[in-house]
1. Name the residue from A:Ile119, A:Ala78, A:Phe34 whose Cα lies farthest towards the positive end of the charge dipole of the range A:2-238, charges +1 on Cβ of Lys and Arg and -1 on Cβ of Asp and Glu.
2. Once R0 is set to 25 Å, what does the formula 1/(1 + (r/R0)^6) return for the Cβ-Cβ distance between A:Ala107 and A:Met214, expressed as a FRET efficiency to the nearest 0.05?
3. Mean separation of Cα pairs under 8 Å and 6+ residues apart, divided by the residue count of the range B:17-83: what relative contact order is that in percent?
4. Please work out how much length the chain gains when fully extended from A:Ala159 to A:Thr123, using 0.36 nm per residue of separation minus the C-alpha to C-alpha distance, in nm with one decimal.
5. In a GNM of chain B with a 10 Å cut-off on Cα contacts, which of B:Lys140, B:Lys46, B:Lys61 has the highest mean-square fluctuation?
6. For the modelled label position 7 Å from the Cα of A:Ser90 along Cα-to-Cβ, which residues of the range B:54-91 have backbone nitrogen atoms closer than 11 Å?
7. Compute, for B:His94, the solvent-accessible surface of its heavy atoms (probe 1.4 Å) with the complete set of protein chains present, and express it in square angstrom to the nearest 10.
8. Rounded to the nearest 5, what % of the DSSP beta bridges within the protein assembly as shown are antiparallel ones?
Amino acid sequence: MLKMIRSEWIKIRRSVVWLLSGVSPIIALAIGTFGYRPKGGFPWEEMLSLLSALHAMLFLPLLAGVYAALLCRYEHAAGGWKQMLAMPVSRTQVYFAKFVILMLLLAVTQALLLIVLLIIGATHGIGSPIPWGTLFASFAGGWLACLPLAALQLFVSVAFQSFAAPLAVNVILTIPNVLVVNSERFGPYYPWAQPMLAMLPRTDYGFGAFHLSMETLAAVVLGSFCVFFAAGWAYFTNKPV
Amino acid sequence: MSNQAWILETRGLTKRLGGKNVVNEVNLAIGKGEIYGFLGPNGAGKTTTIRMLLGLAKPTKGSVHLFGRDIRKERIPILRKVGSLVEYPSYYGHLTAKENLEVVRRLLGVPRSRIDDVLSVVRLTKEADRAVKGYSLGMKQRLGIATALLGQPELLVLDEPTNGLDPAGIQEIRELIKSLPATQGVTILISSHLLSEVEQMATRVGIIDKGNLIYQDGIRMLRERAKSRIRFGVSEPEAAWRLLLSHGYEAAWDRHQLTVERADDRTVAAIVTQLVRQNHQVYRVEEETASLERIFLEMTGTEGSL
Ligand SMILES: Nc1ncnc2c1ncn2[C@@H]1O[C@H](COP(=O)(O)OP(=O)(O)O)[C@@H](O)[C@H]1O
Ligand SMILES: [Mg+2]
């Protein structure tokens with residue numbers, strides 16, 4: 001498994017994915033620099049909701065799909081699957097390695113945004129102590145909430161030769177976030193809305209889904225992750241190449 | 001138990017695709033150290049067979065044994081000893097040749113020095129640090145062969161390694177492959193849609209057509225099947241042709257030359273006598289040995305499409 005990941009690493013080391021991971025943090029940098037208006041007693045939390053709103057609602061779910069499509073693109077393009085699967089490795093190893101790399105890229109994206117948040121906080125001279133626990137829960141939560149999205153997008157990206165098809169699926173599933181996130185009825189159960197529900201600070205009462213318990217949200221994330229991942233994995237192990 | 005003498009053996013190997021058997025009851029047998037030419041016109045089922053040999057696709061029916069082991073049960077230990085290039089070379093365009101080989105090397109766990117070894121075998125050492133997307137097709141094919149050699153395989157499976165190359169590129173790849181069993185100690189399965197391409201290097205051939213293996217034996221046996229025919233140069237060939245037909249000879253006239261199939265000495269003598277008696281002037285009587293290519297074309301009935 002480790003050798004598989006080390007092999008994958010060579011492929012993405014000098015790839016365009018790294019540029020993409022910077023897009024959302026740079027936009028957040030602009031929003032934070034020009035859009036921050038201190039209101040009350042929780043400046044870090046306010047900054048967090050300001051920076052993570054667009055990121056968690058759109059960019060993060062979209063990136064999960066774009067990364068997945070890119071990780072599969074160079075395999076579809078010139079016979080990479082065929083070459084890899086004729087090697088002494090199991091298909092399970094190949095699929096798991098792709099998933100691990102995908103989650104790693106999302107973690108890098110989250111880390112970059114966290115760094116941006118800390119920089120902006122410092123430049124605005126926020127004096128109150130940094131609420132590490134809240135920030136960590138928010139960024140790690142948003143990352144974990146991407147598990148089902150990443151699983152489905154990897155499945156779709158492995159299945160379709162074309163680069164555009166998985167991205168179309170991704171956009172179609174992410175767009176409803178804008179509506180669903182305010183809905184008490186659907187929001188909590190829609191996997192694509194989970195990164196947002198997980199990232200925004202819980203002191204922010206603007207959204208309908210927030211009265212739900214952490215346990216319910218975790219169950220939705222884990223449940224959909226298991227279904228999507230198992231489906232993609234089973235598909236890949238039987239795919240003729 | 002499978003026969004230990006064969007490095008590769010299939011029994012009743014069948015693949016059903018789109019409602020028909022594109023590989024039908026194929027029994028391949030390849031011995032150690034052989035260069036096995038796997039021949040067939042385009043669409044005959046070569047690539048489909050090779051995919052099943054490597055465990056890339058599952059057979060509808062039948063079995064594949066490599067090194068006496070079943071590919072379904074022991075895929076990973078088997079593939080450790082197999083190097084392959086299927087249909088067209090695989091590569092990552094944004095990486096250099098060295099990085100492409102490193103991707104595979106990390107999977108195989110062979111020493112780093114193997115990369116330089118195989119690069120020099122396929123003579124890509126000088127180009128090794130260039131991105132592969134700028135390579136010519138011939139260089140990509142060579143990189144594909146280098147990749148296949150990386151793990152020091154006992155069996156090398158090359159699917160149409162010269163496809164799409166110009167004559168010089170074909171010649172280069174052919175020389176390279178011919179030199180391998182001696183220098184690398186491998187058994188080679190090489191597929192092609194041209195007999196002439198593998199003729200000089202293959203020790204055995206299998207011919208597949210429309211999914212059926214229609215011939216499998218040494219290349220010498222195939223040559224012996226080369227039927228000779230006699231060509232007659234006469235003053236009025238068309239009239240001579242009618243005459244020979246009326247006497248029951250297997251004569252053929254294609255508006256250029258008059259030929260008779262399967263004629264022994266006595267028959268030739270009799271034909272010449274007949275012709276002279278009817279006042280034909282006989283200029284030439286020549287024996288024409290059928291080329292292997294013609295036999296191949298006759299067997300597969302694809303003269304037009306090649
Ligand atoms: N997925 C598929 N569905 C239906 N038919 C297929 C499929 N793949 C290949 N074939 C058919 O199987 C036959 C054998 O193909 P192939 O093994 O690629 O031939 P070769 O490598 O000898 O040129 C062809 O007629 C091809 O059209
Ligand atoms: Mg083919």
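1. A:Ala78
2. In this case the efficiency is close to 0.75.
3. 21
4. Separation in residues times 0.36 nm, less the Cα-Cα distance, equals 8.4 nm.
5. B:Lys61
6. B:76, by backbone N distance to the label point.
7. My reading of the accessible area for B:His94 is about 50 Å².
8. Roughly 65 percent of the beta bridges in the protein assembly as shown run antiparallel, per DSSP.
The values are calculated or read from the model by the stated rules, or taken from the named source; none is laboratory data. This one's a predicted model, so the numbers in the text were calculated from it and none came from an experiment. With ideal geometry, Cβ positions are generated from the backbone for all residues, glycine too; neighbour counts draw on all protein chains shown. Quick note on the areas: whole protein, heavy atoms, side chains included, nothing else; ligands and nucleic acids left out. Shrake-Rupley method; radii C 1.70, N 1.55, O 1.52, S 1.80 Å.
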